[in-house]
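Below: one structure, written as structure tokens.
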Amino acid sequence: MSLQRSNSRQRIVIAIVVVLVLAAAAFFLLRKPDTKADAGPAPAKAGAPAAGTQQRPTLTVTVAAPEEAELTIQLPANGNIAAWQEASVGSEASGLRLADVRVNVGDRVKKGQVLATFAPESVNADVAQAKAALVEAQATAADAAGTAKRARTLDATGALSQQQINQYVTAEQTAKARVEAAKAALAAQQVRMGNTRVLAPDDGVISARSATVGSVVQAGTELFRLIRQGRLEWRAEVIASELGRIAIGTPAVVTGASGAQARGTVRSVAPTVDPQTRNALIYVDLPSLQGADATPASLKPGMFASGVFELGKSRAVTVPQQSIVPRDGFNNVMVLQPDQRVRQTKIEIGRRVGDRVEVTTPLPADAKVVVQGAGFLNDGDLVRVVDAPGAGAAPAAPAATAPPAKSN
């Protein structure tokens, strides 16, 4: 029994020793070396240029100097397009049936062209009756004139009293008056006959039609509306403070919702200002709807349109539109520095012409702004400048030649 106990104690001691040996071995194997004692010089930080080496540029770019140009001074405005004059074509005949309608909305018509006709049967009958009444009146007048002539010849003989002679003369004059009345009645019926044809009062374009075949209309009823001479106008609204800059004859460019443009000139300036909006109307004549310089078909009366008045020209400094970088709600350009780094400069822009934009913020006289690749740069980046495409060098793609250095 004592021997078994002794063997058990030995096994426990051996197990404890083995565990201690394994723990010591693991400690020495996993222990980190002392960097202070063994390490050499500290390695360079990631992204920092090594001693004796040159930092690589962030991007390959093209630059351009600001240029002076003569730009048009423009005053923007908004307004509606309307017909220059719109004529109302109606019926002058009363109680007649509309027999034929010959035009429709959008048709171009000439002055005097027949637009519609009324049934002429009843008017023809009235004309015939008036002609018969005229013939009757003329016959009566001829008889009365003969009687009055004979009575005058008997005046010296005393065969007839003066009262009878006066009666015959009066009858003659009354008969003549009835002839004139019959002629007037015939002329009125002939006018009614002419009114059975509705004619265009001027050259133009039919803008509305209410005429319906078979309807019986009264005098004054509107049948058509006509844009006279096909002319349109732009009624632009301009604030009162800008009225002094616009004169009659000032050119303007009008742009519709579809992008179609038309050039016109100021015809008149309203003599009053709206007391509610404090705006005044400027009437701009646009080309007619016909001809080589016609107003585009997409510009129609009633349409809202924007436009600009061309007030003259002035000198301005411009840069390529590609060089402008919008950031944080501001416009910026990247100005190249002598050390080949760029400086982000906030600017104010003005007019645009083609692919160039006016810069109203003063720039240095010898400034050069980054054009190709400007949107990929940050303030202080180092760049490599190449010639712009077409200037004698192959175009360079705006791709980074080296990844930008990361800041720690």
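The values are calculated or read from the model by the stated rules, or taken from the named source; none is laboratory data. No experiment lies behind these values; they were computed from the predicted model shown. So basically every Cβ, Gly included, is an ideal-geometry build from the backbone, and we count neighbours across all protein chains shown.
Residues of region 84-116 that are buried (at least 21 other Cβ atoms within 10 Å of the Cβ) and not in a loop (DSSP other than H, G, I, E, B): Val89, Leu96, Leu98, Val109, Leu115, Ala116.
Examine region 122-135 for a residue that is under 30 Å from Val216 (Cα atoms), part of a strand (DSSP E or B), touching a residue at least 24 places away in the same chain (Cβ under 8 Å) and not β-branched (Val, Ile, Thr), and state whether such a residue exists. Scanning region 122-135 turns up no residue that is under 30 Å from Val216 (Cα atoms), part of a strand (DSSP E or B), touching a residue at least 24 places away in the same chain (Cβ under 8 Å) and not β-branched (Val, Ile, Thr). Going through Ala83, Ala99, Ala64 one at a time, which residue ends up being closer than 26 Å to Val359 by Cβ and either in the same structural domain as Trp234 (by TED's automatic domain parsing) or modelled with pLDDT of 85 or more (or both)? None of the others qualify; the one that does is Ala64. Against the list (1) in the same structural domain as Gln113 (by TED's automatic domain parsing); (2) crowded, with 19+ Cβ neighbours inside 10 Å; (3) among the hydrophobic types (A, V, I, L, M, F, W, C); (4) at pLDDT 90 or above, the condition Val213 fails is (2). Quick check, is Ala171 exposed (fewer than 15 other Cβ atoms within 10 Å of the Cβ) and part of a helix (DSSP H, G or I)? Criteria not met by Ala171.
Considering the conditions (1) surrounded by 15 or more Cβ atoms within 10 Å (Cβ to Cβ); (2) over 26 Å from Asp107 (Cα atoms), Pro251 is excluded by exactly one of them, (1). Here Asp328 meets the list (1) crowded, with 19+ Cβ neighbours inside 10 Å; (2) within 30 Å of Val63 (Cβ to Cβ) almost entirely, failing just condition (1). Do we find a residue being of a type in the set (Gly, Ala, Ser), within 22 Å of Arg267 (Cα to Cα) and either touching a strand residue (DSSP E or B) at 6+ places or on another chain (Cβ under 6 Å) or surrounded by 14 or more Cβ atoms within 10 Å (Cβ to Cβ) (or both) anywhere in region 331-352? Within region 331-352, none of the residues are of a type in the set (Gly, Ala, Ser), within 22 Å of Arg267 (Cα to Cα) and either touching a strand residue (DSSP E or B) at 6+ places or on another chain (Cβ under 6 Å) or surrounded by 14 or more Cβ atoms within 10 Å (Cβ to Cβ) (or both). Among residues of region 184-195 that are under 13 Å from Ala125 (Cα atoms) and touching a residue at least 12 places away in the same chain (Cβ under 8 Å), those with a Cβ under 6 angstrom from a residue that is buried (at least 16 other Cβ atoms within 10 Å of the Cβ) and β-branched (Val, Ile, Thr), sequence gap 6+ or separate chain, pair up as Gln189/Val127; Arg192/Val123; Met193/Val123; Met193/Val127.
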